[in-house]
C-alpha cells in the first residue's frame, strides 16, 4: 500500500471513530508497518486538521496509549454558520403561541444540529463534561450531537412522573413563563452519582426548565459545568431564574403587525 | 501545498459534510489547482473508502454537478457490531415491567446510535427515503443518526394531542400489547405531502405503535418505503399488527428465575 493510500485510510478510520482511543499498535498491525511510520502519518494528519479546522488529534503516550480524534469546528466557520441560521430564522411565519419560535424543522435537521453540536462541544470541551443532559423532546437532537462530538453519553430527562425504568427521581418545578407547576423525572440508573454534566436545551425564556434540571442534577450529586442554549428570548424582560448560561442565538424582535421575527447570532 | 496534504484536507472536508453536493470548482478554487487534479484526488479517496468500508463518493456530472460523500459501513463490521451489542444486552438486570428491555443507556449513547444509524442507512439507502420518521422519545437518537447518514430530515411524531406548532393531525391507535387507546400527533408543517419516508423505532412487540405511525403517514400522503426496528420481541407470539419490517436484534429468551435476557443479532 502506498503512503498516500495508507494515510488516507488512517484519516477515514480516525474521523469515523471520534473520541475513541485507538492504539498505535492497532494501526501498525492493520497497515503492516512500524509504529514510527504511523506516528509520522499522524503528524501530517494533525497538521491538515489544523488547516481545515476539523478538530485535532490527541496523542496519549505509554503502553495503554494511542491516538484520539477530537472533532471541532473553526471559530470563523462557526460564527458564519450561526449568522446564516439566524437569517433563516428571521421570517414572517415562525411565531407560535406563547412567544416561542417554530424551529422544529431546523432542530430535527441532522446537518444543522451536527454543526451546532460541534460548536457547543468546541465551547465546552475544556470543562470536561462526562455527560450531556437535556429534557425531552426538542432539545434531544442538539444534546445528542453535542455528546457525540464530546464523546460522552446523553441523559434525557422525561416530562411527568411515569417512568418505567426502575427507581427514579422526580422534582416539581415552575415553568417561569407560564407559572404552571410541572414534573420532570430521571431514572436512577440513567446517571451515576457525582458526574460533571453539561446541560443543553433549545430555548430559554424565564429559565424555569433550566432551573428545574439544575435542581434535579443536585439529586444526582452532579456538578453542572455548563449550560448551553440554542436561543435565548431577548424579549423576556422580567428576569431569568438562571443567569449563567451560554446562548448561540437570540430572539431579538417581533414585529407585532407582520409577525416577523428577527433572530441574531451572538458572538461566540 | 503537497499532494498528500491536499488530498487529506479534501478527505477531511468531504467526511465532515456527508450527503452534501460539493462542486469540483469549490475545491479547485480552495486548493488553487485544476479541476482535473481534484478529479484524480477524488478517485484515490474513492478507492480508499472502499478499503476501509466507510462509504462511497457519488460523482454528479455537469455544470450543477460535484461530489457527494455517502457514509456507509462494511457488512462484516456491521454484523460484528450487532453481535457485540446483543452480548451487551444479554444480562440479568435489564428486564423492565411490561416485558421491555432497559436499553436507554445504549439508545442514548452517541457512538452506539451513530453506528446503528449507519447500518440502517446502508440497508435503506436504495429505497431513497426523503425523511426518517419516528415517535418520541427513545427512538429519536436512532432516527436522527439514520437521517444524518442518509442526508434527510427527521420527523418526530409526538404523544398526545397537545402540539403547539400550528395545525396538526392526530390519530388514535391501540397499543397492541397493552390494548390501551392512545393518541399521536404530527404538525402539518413537519412533513410536506407525498414524501417517501423511512420509519425507525427502537422496539416492536405487537406492532401497535408502528401501525399507528403508518396510519398517520397516510394522512400526509406519504409512501412508507421501509420500517427499521432496533429490536423485535421474539417472545411475542400472538401476532403482529405489522409484518413488513426489518429488525437488527431480537429479544430471544427470558429466564423467569434469574430474569436473565438473551438477545440475538439478526443476520443483515
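Quick note: the coordinates plus some simple rules give every number you see, no bench work behind them. All of these numbers come straight from a predicted model, not from anything done at the bench. Using ideal geometry, Cβ is built from the backbone for each residue, glycine included, and neighbour counts are taken over all protein chains shown.
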- Message: For a quick check, take a GNM of chain B with Cα springs below 10 Å and name the residue from B:63, B:28, B:190 with the largest mean-square fluctuation.
- Response: B:63
- Report relative contact order for segment A:139-197 in percent, whole number only (criteria: Cα-Cα under 8 Å, sequence separation at least 6). 31 percent
- Item | Helix-only mean residue ellipticity at 222 nm for chain B, each DSSP H run of n ≥ 4 adding -39500 (n - 2.57), per residue, nearest 500 | -11000 deg cm²/dmol
- Message: Checking the a/c ratio against 1.5 first, then a/b against b/c, what shape does the Cα gyration tensor give for the protein assembly as shown?
- Response: rounded
- Folded to 0 to 90 degrees: helix B:75-89 orientation relative to chain B principal axis, Cα: 40 degrees
- How crowded by other chains is A:219-230, given as the mean number of beta carbons from other chains within 10 Å of each beta carbon? 0
- Task: Quick one: compute the contact order of chain A, relative version, from alpha carbon pairs under 8 angstrom and 6+ residues apart, as a percent.
- Result: 15 percent
- Message: Taking a ≥ b ≥ c as the square roots of the Cα gyration tensor eigenvalues, with a/c under 1.5 meaning rounded and otherwise prolate when a/b beats b/c, else oblate, which class fits segment A:3-71?
- Response: oblate
- Taking each residue of A:10-21 in turn, how many C-beta atoms of other protein chains fall within 10 Å of its C-beta, and what is the average? 5
- Convex hull projection area averaged over all views, chain A, Cα basis, nm²: 16.4 nm²
- Using a Gaussian network for chain B with springs between C-alpha atoms less than 10 Å apart, which of these wobbles most: B:95, B:231, B:145? B:95
- On average, how many beta carbons from a partner chain sit within 10 Å of the beta carbon of a residue in A:31-38? 0
- Query: Does anyone have the angle between helix B:35-52 and the longest principal axis of chain B? Alpha-carbon axes, 0 to 90°, nearest 10?
  - Reply: 40 degrees
- Item | Kirkwood Rh, Cα atoms: Rg over Rh of segment B:51-126 | 1.16
- Query: So between residue B:161 and residue B:237, what do we pick up on full extension, going 0.36 nm a residue minus the alpha carbon distance?
  - Reply: 24.2 nm
- Item | segment B:85-165, relative contact order [Cα under 8 Å, separation at least 6], % | 27 percent
- Item | In degrees, nearest ten, helix A:208-219 long axis to first principal axis of chain A (Cα) | 60 degrees
- Task: Can you grab the distance from the C-alpha centre of segment A:35-104 to the C-alpha centre of segment A:198-223, Å, no decimals?
- Result: 25 Å
